[in-house]
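Participant: My questions all concern the structure below.
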Amino acid sequence: MPTVLSIGEALVEIMRPLPDLPLDRAECFVGPFPSGAPAIFADCIARLGMSCGFIGVVGADDFGACLRNRLIRDGVDVAYLATDPDRLTGIAFVTYRSDGGRHFLFHMRHAAAGLLAPHHLHHSYVAQAEWLHVCGSALAASESSQRACYQAVEWVKAAGGRVSLDPNLRPELLSVERIRRICRPVVEAADVILPSGEEASMLAGIGDAEEAAMALVREDRMVALKRGARGSIIFTSFERLAVPAFAVEQVDPTGAGDCYAGAFVVGLLEGWPLTRVGHFANAVGALATTRLGPMEGAPTREEVEAFIRGRS
């Protein structure tokens with residue numbers, strides 16, 4: 001049985017190869033790249049050498065095979081990755097702006113990814129997990145996906161496991177207010193929350209990112225504030241730990257936050273001091289940006305350790 005479980009959407013990403021090419025023009029794309037925040041997280045966990053399972057739904061098509069084969073290749077347990085014969089695998093089209101912003105166009109809610117539901121969960125498989133990871137995008141994908149996530153959280157917490165939440169808020173899918181409401185039950189159950197600054201502000205309803213992150217902290221809950229090229233800050237009920245970033249030549253930032261989250265969970269499960277957890281997660285997040293494609297930069301444990309040694 002996997003130590004870690006991730007639940008939610010699996011999709012392929014098809015992207016513009018150059019910045020500032022809007023999606024309403026006839027231009028080239030590259031891909032498909034395996035993607036979906038919960039799937040990226042699971043893939044990163046497995047590549048870092050920890051057992052991880054993924055629960056989701058793909059279509060009986062080439063894109064579904066692309067996802068399934070990639071997860072299997074990297075060591076993710078896909079025993080409960082369902083295939084639906086009547087819906088296409090989820091797709092995200094993305095273009096990058098020269099200012100670093102991104103624009104997404106999703107086919108997810110009415111794709112196979114949106115079909116995830118409580119009946120896809122098996123209690124004996126879910127409840128045994130030491131750690132469950134939930135993303136806001138999975139909560140926003142559909143009402144049935146939301147119910148599946150809530151059920152998984154309930155089972156894991158009842159069995160003594162831990163839960164992490166990456167808000168991964170996508171205003172393209174639902175309004176910020178709605179996402180905040182549907183995240184609330186997982187926020188209340190979470191042992192770790194891993195937001196960006198904007199996400200922390202939206203969850204807490206506080207403009208300043210650090211103040212928002214601190215507002216989300218509880219005695220039994222920590223918050224890891226992801227700040228991209230500025231590193232990260234880890235907040236607990238008794239500590240504020242700023243962890244510097246690793247400078248790299250960025251190629252594609254998509255998936256870096258999911259890889260950071262995966263590395264953070266690995267470090268906690270390994271029982272490392274928070275300083276080491278933060279440095280390890282920052283290194284993994286940095287490496288994830290150095291290749292085109294959301295999963296392509298997810299490193300192995302050996303690659304991360306060599307990267308950190310080379311920067312010491």
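Every number in this text was worked out from the coordinates using simple rules, so none of it is lab data. Because the structure is a prediction, the values reported are computed rather than measured. Neighbour counts are summed over all protein chains in view; Cβ atoms, including those assigned to glycine, are modelled from backbone coordinates with ideal geometry.
Participant: Suppose every K and R has +1 on its Cβ and every D and E has -1 on its Cβ; what is the size of the dipole of the chain about the Cα centre, in Debye to the nearest 20?
Facilitator: 200 debye
Participant: Which whole-number percentage describes the relative contact order of segment 1-109, with Cα contacts under 8 Å and a sequence gap of 6 or more?
Facilitator: 33 percent
Participant: Around residue 162, under 13 Å between beta carbons, what's the net of Lys plus Arg minus Asp minus Glu among the other residues?
Facilitator: Result for the neighbourhood of residue 162: -1.
Participant: Express in nm, to one decimal, how much length is gained between residue 60 and residue 86 on full extension, taking 0.36 nm for each residue of separation and deducting their alpha carbon distance.
Facilitator: So the chain would gain 8.6 nm between residue 60 and residue 86.
Participant: What ranking of 131, 272, 155 emerges when the number of other C-beta atoms within 10 Å of each C-beta is taken as an exposure proxy, fewest first?
Facilitator: Fewest-to-most Cβ neighbours within 10 Å comes out as 272, 155, 131.
Participant: Specify which labelled value, from [x] 75, 42, 38; [y] 64, 49, 40; [z] 50, 44, 39, agrees with Cα extents along the principal axes in Å derived from the coordinates of the model shown.
Facilitator: Working out Cα extents along the principal axes in Å from the coordinates points to [z].
Participant: Here is a follow-up. What does DSSP give for the chain in terms of the percent of beta bridges that are antiparallel, rounded to the nearest 5?
Facilitator: Given both bridge residues lie in the chain, the antiparallel proportion sits at roughly 40 percent.
Participant: Do any cysteines of the chain lack a neighbour Cys whose Cβ is under 4.7 Å away, and which are they?
Facilitator: 28, 52, 66, 135, 149, 183
Participant: Also, quick follow-up: Please compute the net charge surrounding residue 194, taking Lys and Arg as +1 and Asp and Glu as -1 over other residues with Cβ under 10 Å from its Cβ.
Facilitator: Residues near residue 194 contribute -2 overall.
Participant: Starting from the Cα of residue 51, move 7 Å in the Cα-to-Cβ direction to define the label point; list residues of segment 280-312 whose amide nitrogen is under 19 Å from there.
Facilitator: 301
Participant: Just to be sure I understand the model, the point goes 7 Å from the Cα along the line to the Cβ. What's the resulting residue 240 to residue 103 distance in nm?
Facilitator: Distance between the two pseudo-spin positions: 3.7 nm.
Participant: If you take the charge dipole of segment 4-311 about its Cα centre, with +1 on Lys and Arg Cβ and -1 on Asp and Glu Cβ, which of 51, 209, 81 is farthest toward its positive end?
Facilitator: 209
Participant: How high is the relative contact order of segment 156-216, given as a whole-number percent (alpha carbon pairs under 8 Å, six or more residues apart)?
Facilitator: 31 percent
Participant: Per-residue HN-Hα couplings for segment 100-108, Karplus 6.51 cos²θ - 1.76 cosθ + 1.60 at θ = phi - 60°, whole Hz, x for Gly and Pro?
Facilitator: Result, ordered by residue: x, x, 9, 10, 10, 10, 9, 10, 9 Hz.
Participant: Taking only C-alpha pairs under 8 Å that are 6+ residues apart, what is the relative contact order of the chain in percent?
Facilitator: 16 percent
Participant: Right, next: Rounded to the nearest 20 debye, what is the charge dipole size of segment 1-90 about its Cα centre when +1 sits on each Lys and Arg Cβ and -1 on each Asp and Glu Cβ?
Facilitator: 260 debye
Participant: Just add up the charged neighbours of residue 223: K/R +1, D/E -1, any other residue whose Cβ is under 13 Å from the Cβ of residue 223.
Facilitator: Local charge sum for residue 223: -3.
Participant: Then there is this: Could you pull out every whole DSSP H run in the chain that spans at least 18 Å of Cα extent along its own axis and averages 1.0 or higher on the Kyte-Doolittle scale?
Facilitator: Correct list, ordered by number: 256-270.
Participant: Long-range amide H contacts for residue 102: which residues qualify at under 5 Å (H placed 1.01 Å from N, peptide plane, sequence gap of 5 or more or a different chain)?
Facilitator: Correct list: 97.
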